[in-house]
Amino acid sequence: MIIPLTRDRLEDILSSVKNLTIGVVGDFTLDGYWYADMEQSQLSRETATYPRPIIRETYSLGGAANAAWNLSALGVGAVWGFSVIGDDWRGNILRSLLDGANIQTGGLLNQADRQTPFYGKVMLTAVGRRTQEDARLDFINTQPLSPESEDALLNSLESFLAKIDGLVIADYQPRGVITARVTQGLLKLASDNSEKPFVVDSRERAGEFRQLILKPNDTEAARIFFPERDIATVKLPELRQAAIMHNQQTGQPIIITRGEQGCLVVADGECVTLPGVPVPPPVDVVGAGDAFLASFTAAVTCGVNPVEAACLANLSAAVTVAKIGVTGTAAPAEILSLYDMWASNFI
Ligand SMILES: Nc1ncnc2c1ncn2[C@@H]1O[C@H](COP(=O)(O)OP(=O)(O)OP(=O)(O)O)[C@@H](O)[C@H]1O
Ligand SMILES: [Mg+2]
């Protein structure tokens, strides 16, 4: 295979993203890691269980907030976050992490009766044993976003849109901020601003965003194109064909990610298969999709063609996959250094 991106071109793209302002709308979440030292756990006689004595806690940006963090780490000039979170301790930590990552939070709204989504990982440790992950503690929302918050979110996006060059839509939660009304509002904003790329990563509802640039993984793509089928039976050539038809009908590129196997890039009626960038074990694939989404969006917002943009995105995602125990971000120097290692195998 010939790498569809020269080093000079990669450097050019990494330097152009510095001039961009990119927005991220969607489910901003907080990840927490609570380390329990089980050596210090003493049986609770009342409950007949062993408590988890937490000796250390760390927090990081998750979901849409991780996509925003990846844009910022890539060197994108300005990154704006748009979401609705709760008025709670998790929201406070989320805001301070976003500030620390240089992400603008003017579009991050509060709704008093809403919970800031949180994934709490309880890590059990004991001398001489491998750390073991306990059942996760998730803070979720059981009610849909209020109509007032839907309006406020759309108004805030609309008022900033003139300053934004491209938008990521990161729809990850079942009762998240991308509701049916917000979806309609986003589609209207996209059609009024058709010169700006809107790139969508939606776990359950990608089909509703057909007119925009989609970044599903292979399972999500199978669900979009073959909703009646058992997705395990959908073969790669069928996915390719359906994606080409989608591209011909909508005129929009679609990128289907395939884990370590890389991605399919479908644009201009053709499907290009890009291999992933190999990473030696151990790997941690959590957040790889967000890293891919961020770099791909930054590059297409600079006017880079989808194949080159996806090649950069494969590199960025591979950098984060090599980072264990964190979702991870990819900085330009890390991307260039992985590129050099990767390219040396092709000479
Ligand atoms: N083991 C791996 N080695 C190298 N690159 C990888 C690996 N796993 C994932 N990637 C990179 O990450 C990209 C996105 O991965 P994947 O298709 O799993 O996304 P996803 O399912 O959306 O992920 P997420 O669970 O974060 O939503 C791939 O296209 C590839 O570039
Ligand atoms: Mg994903």
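Each value in this text was obtained by applying a stated rule to the coordinates, not by laboratory testing. These numbers come from a predicted model, not from an experiment. Every residue, glycine as well, gets a Cβ built from its backbone with ideal geometry; the counts of neighbours run over all protein chains shown.
Quick look at the numbers
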{"read-out": "Within the chain, longest stretch free of exposed GluC sites (Glu not before Pro) [DSSP loop, at most 16 other beta carbons within 10 Å]", "value": "47-194"}
{"read-out": "Where trypsin sites (Lys or Arg not before Pro) fall in DSSP loop in the range 228-276, at most 16 other Cβ within 10 Å", "value": "ARG229, LYS235"}
{"read-out": "Computed over the chain, Cα set: Rg, Dmax in Å", "value": "20.6, 67"}
{"read-out": "Label point at ARG136 placed 7 Å out along Cα→Cβ; residues across the range 82-119 whose backbone nitrogen lies under 12 Å", "value": "118-119"}
{"read-out": "The chain: Lys pairs at Cα distance under 25 angstrom, eight or more positions apart or on different chains", "value": "13"}
{"read-out": "Rule-of-thumb Rg ratio for the range 81-197 [Cα; 2.2 N^0.38 Å; N residues]", "value": "1.29"}
{"read-out": "Kirkwood Rh, angstrom, the range 1-135 [1 / mean 1/r, Cα pairs]", "value": "17.5 Å"}
